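Nothing in this text is a laboratory measurement; each read-out follows from the coordinates by a stated rule. Computed from a predicted structure; not experimentally measured. Cβ placement follows ideal geometry from the backbone for every residue including glycine, while neighbour counts extend to all protein chains displayed.
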Amino acid sequence: MGTLSIGVFSSLVGSMNLDFAIRLAQTAINKGHTVNLWLSGNATTLSKDKQKEFKDYSHLDKILRDLMGKGLSVVSCEACNQSRGIQKEDLIGGINRASMDLYLANSAQSDRVLHIGVE
Amino acid sequence: MGELKNKIMFVVQRPPYKSEDPKLALTHALSSGVTSIHIDEEIVPTVAFIGDGVLNCIKDQKSMEAYGITSNERHIKNMLATDTKTLVCKEDIERLGIKEDRLIDASDMGAEMTIKVVPFNEILKEMEANDHLMFF
């Protein structure tokens with residue numbers, strides 16, 4: 001089994017990139033792979049707790065929690081969070097905060113890296 | 001630093017300030033220098049500017065005065081000062097009428113590394129030589 005690092009920079013609402021990334025992570029985990037998810041830029045909006053589900057918008061809270069329960073490692077960029085007013089206590093439980101050097105280190109040690117950068 | 005090396009290339013396609021992407025590309029590239037706190041492996045970054053992303057490389061940016069934020073020029077100068085290979089697409093600066101003497105240099109910081117203007121074909125070759133690609 002391999003290790004996959006996924007870096008996402010697109011917002012939860014207004015782009016389908018996070019939807020794709022989470023579903024890819026789900027598939028990989030279900031196949032037994034290890035997955036690291038890095039949230040940076042507007043993608044840090046996914047890390048926010050207490051997201052309300054509306055049928056008009058992407059809602060990944062439930063699937064994300066389910067995947068973390070199966071071993072998905074989620075790290076959100078601390079500076080990106082802070083600049084958006086998202087404090088540590090606002091995060092979904094189990095999501096860690098760090099700076100980008102951790103993402104690069106994880107990428108260097110992964111079998112595959114999927115970096116979804118441009119929004 | 002460990003003995004192993006991992007090459008990561010950061011490709012910047014977006015113009016400065018209209019998007020967060022170029023800034024994030026530069027900060028990610030700069031953070032390569034501290035990954036040794038996590039792994040016993042050296043990450044060697046290369047940064048390439050293509051398309052409208054080449055606009056990030058014009059010197060004398062006044063973002064602090066205009067927007068109250070640090071300039072991408074400052075980050076690029078820090079990259080050059082830390083010997084990061086930095087490439088700019090020749091075809092794109094020509095398309096936008098940017099002369100090479102308008103590109104950022106960090107000689108005032110003692111940097112020996114300069115921005116290298118290369119044909120897109122060379123950027124493609126550099127992509128093939130890297131372990132990972134990150135498009136911003």
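Which is the longest run of chain B containing none of the GluC sites (Glu not before Pro) found in DSSP loop states (not H, G, I, E, B) with at most 13 other C-beta atoms within 10 Å?
Working: sites that count: B:GLU3, B:GLU112.
Segment B:4-111 is the longest.
Connecting C-alpha atoms closer than 10 Å in a GNM of chain B, tell me which of B:HIS38, B:HIS28, B:HIS75 has the biggest fluctuation.
It is B:HIS38.
Calculate how large, on average over all directions, the projected area of the Cα convex hull of the range B:40-94 is; give the answer in nm² to one decimal. Mind dumping the intermediate values first?
Numbers: hull surface 20.0 nm².
Value for the range B:40-94: 5.0 nm².
Put +1 on the Cβ of each Lys and Arg and -1 on the Cβ of each Asp and Glu in chain B; which of B:GLY33, B:ALA111, B:ILE76 then has its Cα farthest toward the positive end of the dipole?
The one lying farthest along the dipole's positive direction is B:ILE76.
For the range B:27-136, which trypsin sites (Lys or Arg not before Pro) are both in a DSSP coil and crowded by at most 11 other Cβ atoms within 10 Å? Show your work: numbers first, answer last.
Details: sites: B:LYS59, B:LYS62, B:ARG74, B:LYS77, B:LYS85, B:LYS90, B:ARG95, B:LYS99, B:ARG102, B:LYS116, B:LYS125; in loops: B:LYS59, B:LYS62, B:LYS99.
Passing sites in the range B:27-136 are B:LYS62, B:LYS99.
Going by how many other Cβ atoms sit within 10 Å of their own, how do A:VAL118, B:VAL11 line up, fewest first?
Numbers: A:VAL118 17, B:VAL11 25.
The fewest-first ordering by Cβ neighbours comes to A:VAL118, B:VAL11.
Report the Cα-based extents of the protein assembly as shown along its three principal axes, largest first, to the nearest Å.
54, 43, 30 Å, listed from the longest principal axis down.
Determine the equivalent ellipsoid of chain B by diagonalising the alpha-carbon gyration tensor, then write out the semi-axes as square roots of 5 times the eigenvalues, largest first, rounded to whole Å.
Details: eigenvalues 108, 63, 38 Å².
Semi-axes (√(5λ), whole Å): 23, 18, 14.
Regarding chain A, what whole-number volume in Å³ per residue does the convex hull of its Cα atoms give?
Values: hull volume 10.9 nm³, N = 119.
Convex hull of Cα atoms, per residue: 92 Å³.
Using helices alone, what [θ] at 222 nm do you get for the protein assembly as shown, with -39,500 (n - 2.57) per DSSP H run of 4 or more residues, divided over all residues and rounded to the nearest 500?
On the way: 9 runs with 79 residues, N = 255.
After summing the helix terms and dividing by the residues of the protein assembly as shown, the value is -8500 deg cm²/dmol.
Could you work out how much longer the chain between A:ARG23 and A:GLU89 gets when fully extended? Use 0.36 nm per residue separation minus the Cα distance between them, nm to one decimal. It would help to have the intermediate numbers written out before the result.
Details: separation 66, 0.36 × 66 = 23.76 nm, distance 2.61 nm.
Fully extending the segment from A:ARG23 to A:GLU89 adds 21.1 nm.
Can you flag which of A:LYS62/B:LYS7; B:LYS18/B:LYS90; A:LYS48/B:LYS62 are past 24 Å Cα-Cα? Show your work: numbers first, answer last.
On the way: A:LYS62/B:LYS7 36 Å; B:LYS18/B:LYS90 22 Å; A:LYS48/B:LYS62 33 Å.
Going by Cα-Cα distance, A:LYS62/B:LYS7; A:LYS48/B:LYS62 fall outside the 24 Å limit.
If you place +1 on the Cβ of every Lys and Arg and -1 on the Cβ of every Asp and Glu, how big does the dipole about the Cα centre of chain B come out, in debye to the nearest 20?
Numbers: 16 positive and 23 negative charges, 80 e Å.
It comes to approximately 380 debye.
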